[in-house]
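Pasting in a structure now, in structure tokens, and then I'll have a few things to ask.
The values are calculated or read from the model by the stated rules, or taken from the named source; none is laboratory data. Not measured: the values here are computed from a predicted model. Here the Cβ is made from the backbone with ideal geometry for all residues, glycine too, and neighbour counts use every protein chain on show.
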Ligand SMILES: [Zn+2]
């Protein structure tokens, strides 16, 4: 079998019957359930996702799963993070589930995470101001450049935040009366 026929077979398999219906919502978290209920992942007319035969005996069960999905986030209520966020975008995405707001050209986060995310950016920016950038020397944790020297360590943007958070915890502990 050559690679052409393999690709063709794959394409055939992902084609969705015209009468099948697209399962709405952010179905990623229920994809295994959908699969076990006979749904198929594919694309039809530009719509990509999980499809089901509308006459499937599982339709009731599928509708229950969809109803239980968390509602789609209301991005109009999300808060833009200000300041020099670019160096910290990986942390914003990973730890604060930030999304890029193309209109505002800013990273935005859920309102419940806004204060923490803004504090992180302000805090990390402040530390970078007092750290020496070291051209040609990579982060000792992950090898990324540029890195900055602070407190006897050489760290990239991402790792400087964790150092920072650790030193914050240390300060709190030292300040506590035992
Ligand atoms: Zn690093």
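May I ask you to list the residues in segment 132-155 that are surrounded by fewer than 18 Cβ atoms within 10 Å (Cβ to Cβ) and within 10 Å of the ligand (Cβ to nearest atom)?
Scanning segment 132-155 gives 138, 140, 141, 142, 143, 144, 145.
Of all residues in segment 81-93, how many are assigned to a helix (DSSP H, G or I), free of Cβ contacts under 8 Å to residues at least 40 places away in the same chain and within 13 Å of residue 161 (Cα to Cα)?
In the first step, residues of segment 81-93 are kept if they are assigned to a helix (DSSP H, G or I); the result is 86-93.
Adding the requirement that they be free of Cβ contacts under 8 Å to residues at least 40 places away in the same chain leaves 86, 89, 92-93.
Filter again for within 13 Å of residue 161 (Cα to Cα), leaving 89, 92.
Number satisfying all stated conditions: 2.
Moving on to the next point. Which of the residues belonging to segment 23-36 are farther than 11 Å from residue 65 by Cα and touching a strand residue (DSSP E or B) at 6+ places or on another chain (Cβ under 9 Å)?
Result: 35, single match.
To continue, here is another question. What is the one condition in (1) more than 16 Å from residue 163 (Cα to Cα); (2) part of a loop (DSSP other than H, G, I, E, B); (3) touching a residue at least 12 places away in the same chain (Cβ under 8 Å) that residue 136 does not satisfy?
Condition not satisfied by residue 136: (3).
Scan segment 68-80 and give yes if some residue there is assigned to a loop (DSSP other than H, G, I, E, B), at pLDDT below 95 and surrounded by 12 or more Cβ atoms within 10 Å (Cβ to Cβ), otherwise no.
Yes, the conditions are met somewhere in segment 68-80.
So, one more: From the list 35, 48, 19, pick out the single residue that is over 16 Å from residue 63 (Cβ atoms), without any contact (Cβ under 8 Å) to a residue 60 or more places away in the chain and assigned to a loop (DSSP other than H, G, I, E, B). Spell out the reasoning first.
Details: 35 fails: assigned to a loop (DSSP other than H, G, I, E, B); 48 fails: assigned to a loop (DSSP other than H, G, I, E, B).
Of 35, 48, 19, the one residue that is over 16 Å from residue 63 (Cβ atoms), without any contact (Cβ under 8 Å) to a residue 60 or more places away in the chain and assigned to a loop (DSSP other than H, G, I, E, B) is 19.
If you go through segment 24-39 one residue at a time, how many are modelled with pLDDT under 95 and surrounded by 14 or more Cβ atoms within 10 Å (Cβ to Cβ)?
So in segment 24-39, the residues modelled with pLDDT under 95 come out as 24-29.
When the remaining residues are screened for being surrounded by 14 or more Cβ atoms within 10 Å (Cβ to Cβ), the result is 25, 27.
Residues in segment 24-39 being modelled with pLDDT under 95 and surrounded by 14 or more Cβ atoms within 10 Å (Cβ to Cβ): 2 in total.
Quick one: which of 116, 158, 103 is touching a residue at least 12 places away in the same chain (Cβ under 8 Å), more than 16 Å from the ligand (Cβ to nearest atom) and not in a strand (DSSP E or B)?
Values: 158 fails: more than 16 Å from the ligand (Cβ to nearest atom); 103 fails: touching a residue at least 12 places away in the same chain (Cβ under 8 Å).
Answer to the check: 116.
Looking at (1) part of a strand (DSSP E or B); (2) modelled with pLDDT of 90 or more, which is the one condition that is false for residue 63?
(1)
Only one of 131, 117, 124 is within 20 Å of the chain's Cα centre (by Cα) and either under 30 Å from residue 151 (Cβ atoms) or in the same structural domain as residue 163 (by TED's automatic domain parsing) (or both); which? Spell out how you get there, then give the answer.
Working: 131 fails: within 20 Å of the chain's Cα centre (by Cα); 124 fails: within 20 Å of the chain's Cα centre (by Cα).
On inspection, the qualifying residue turns out to be 117.
I would also like to ask the following. Here is a check on your reading of the model: is residue 128 part of a loop (DSSP other than H, G, I, E, B) and touching a helix residue (DSSP H, G or I) at 6+ places or on another chain (Cβ under 7 Å)? Reasoning before the result, please.
Numbers: part of a loop (DSSP other than H, G, I, E, B): no; touching a helix residue (DSSP H, G or I) at 6+ places or on another chain (Cβ under 7 Å): yes.
Considered against the rule, which asks whether it is part of a loop (DSSP other than H, G, I, E, B) and touching a helix residue (DSSP H, G or I) at 6+ places or on another chain (Cβ under 7 Å), residue 128 comes out as no.
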